[in-house]
Amino acid sequence: MSKLVPLFEAISNYVNDGDSIYAAGFTHLIPFAAGHEIIRQGKKDLTLARATPDLIYDQMVAAGCACKVIFSYMGNPGVGSLRIVRSAIEQGKLKWEEYSHFGMITRLQAGASGLPFLPMNQTGAADLEKANPNIKRIPDPYGGKDVIVVPALHPDVAIVHVQRADENGNAHLWGIIGEQKEAAFAAKKIILTVEEIVDESIIRSDPNRTMIPGIVVSAVCHVPYACHPSYAQGYYDRDNEFYLAWDKISESADSVKQYLNEWIYGVKDRDEYWEKLGTETHKRLEVKARYSEKINYGNY
């Protein structure tokens, strides 16, 4: 049976208030469209877990969706802090847990392996052990130096964006590979957003790219351009101008509210969002034509 459903339906059915959410993807394939849909649907009290939270969690915290963040490195890449998340933490409005990058990945690997925890080598981030009681040291049972252990992470929902998949969720992704596979196997439910839905024969023709098998996927959503302002290798580039712009937008509560109203609440879905960006932005990001018909988009 096909798992193909609209993104609105997938978020409505599988993301509940109070859930822990893992939006996967490192540098590219960041599922902004799903984050925006969570905001539009007014989901609340979420625990947002992610290595490098990126702007997607800044926006979700600004919209009041989150009660806690679990992360490794928090920032607007190449620009500076995530102003909104940082401010919420500093004001005591948002609970938080911080790990190293490898600590977050190890938590997911433990979850994906069905283990309660996994060990890792000691790191240079000893201060994290003081700030986070979940990071512990235990003796090496074979007589070596102590090792760091971190608990398994089992998100209620993992959201993963990929370049292509069949309608059953067998997914190809390539380029910079982050923690997508680990997040998918560690999570209880997986929402897959996809640039292109292809026939199963295409997936089978290149099996080494099948990072996520359909057997673990709960819902498949065809959402072209779902990563903007992030990128999808082979489809469109990173919108560096937006990352710079967000740093200014996030300085003011009024400008953040204006952005949310115009670009998230004010559009129905990702198609309408992409159309609103306009041809100038499409051209700048060197988007490859996906449809035979010519689409006349408005100005940015």
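The values are calculated or read from the model by the stated rules, or taken from the named source; none is laboratory data. Keep in mind that this is a model prediction, so the values were computed, not measured. Every residue, glycine as well, gets a Cβ built from its backbone with ideal geometry; the counts of neighbours run over all protein chains shown. Calculation scope for accessible area: heavy atoms of the full protein, side chains included, ligands and nucleic acids excluded. Shrake-Rupley method; radii C 1.70, N 1.55, O 1.52, S 1.80 Å.
Values computed for the structure shown
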{"read-out": "For the chain, size of Cβ-based charge dipole, Lys and Arg +1, Asp and Glu -1, in debye", "value": "440"}
{"read-out": "Along principal axes, Cα extents of the range 1-91, largest first, whole Å", "value": "44, 27, 18"}
{"read-out": "Equivalent ellipsoid semi-axes, the range 48-104, via Cα gyration tensor eigenvalues times 5, rooted, Å", "value": "16, 13, 10"}
{"read-out": "Those lysines that a straight Cα-Cα span of less than 27 Å connects to residue 43, excepting residues fewer than 8 apart in one chain", "value": "3, 68, 93, 95, 181, 188, 189, 248, 257, 268, 276"}
{"read-out": "Sequence-separation-based contact order of the range 74-173, relative, with Cα cut under 8 Å and 6+ spacing, percent", "value": "22"}
{"read-out": "Cβ-based charge dipole, the chain, positive-most Cα from 139, 62, 180", "value": "139"}
{"read-out": "Overall Cα dimensions of the range 113-209 - principal axes, largest extent first, Å", "value": "52, 26, 24"}
{"read-out": "Mean projected area in nm² (Cα convex hull; one quarter of hull surface) for the range 90-129", "value": "3.8"}
{"read-out": "Per-pair calculated FRET efficiency, R0 = 30 Å: residue 27 and residue 208 via Cβ, rounded to 0.05", "value": "0.90"}
{"read-out": "Percent RCO, i.e. relative contact order, over the chain, from Cα pairs under 8 Å lying at least 6 residues apart", "value": "20"}
{"read-out": "Mean-position separation - Cα centroids, the range 157-182 and the range 1-55, in angstrom", "value": "14"}
{"read-out": "Accessible area in square angstrom per residue, the chain, 1.4 angstrom probe", "value": "46"}
{"read-out": "nm² value of the averaged projected area, convex hull over the Cα atoms of the chain", "value": "16.5"}
{"read-out": "Along each principal axis, Cα extent of the range 165-227, largest first, Å", "value": "27, 23, 23"}
{"read-out": "Largest-first ellipsoid semi-axes for the range 30-181, taking √(5λ) over the Cα gyration tensor eigenvalues, angstrom", "value": "28, 22, 14"}
{"read-out": "Extension gain, residue 126 back to residue 268 (0.36 nm per residue minus Cα-Cα distance, nm)", "value": "46.5 nm"}
{"read-out": "Proximal charge balance of residue 216 [Cβ under 13 Å; K/R count +1, D/E count -1]", "value": "+3"}
{"read-out": "For the range 132-285, diffusion coefficient by Stokes-Einstein and Kirkwood Rh (Cα), 37 °C, 0.692 mPa s, µm²/s", "value": "179"}
{"read-out": "Surface share of carbon and sulfur [accessible, 1.4 angstrom probe, percent] for the range 30-140", "value": "52"}
{"read-out": "The range 12-58: C-alpha pair distances exceeding 13 Å, %", "value": "53"}
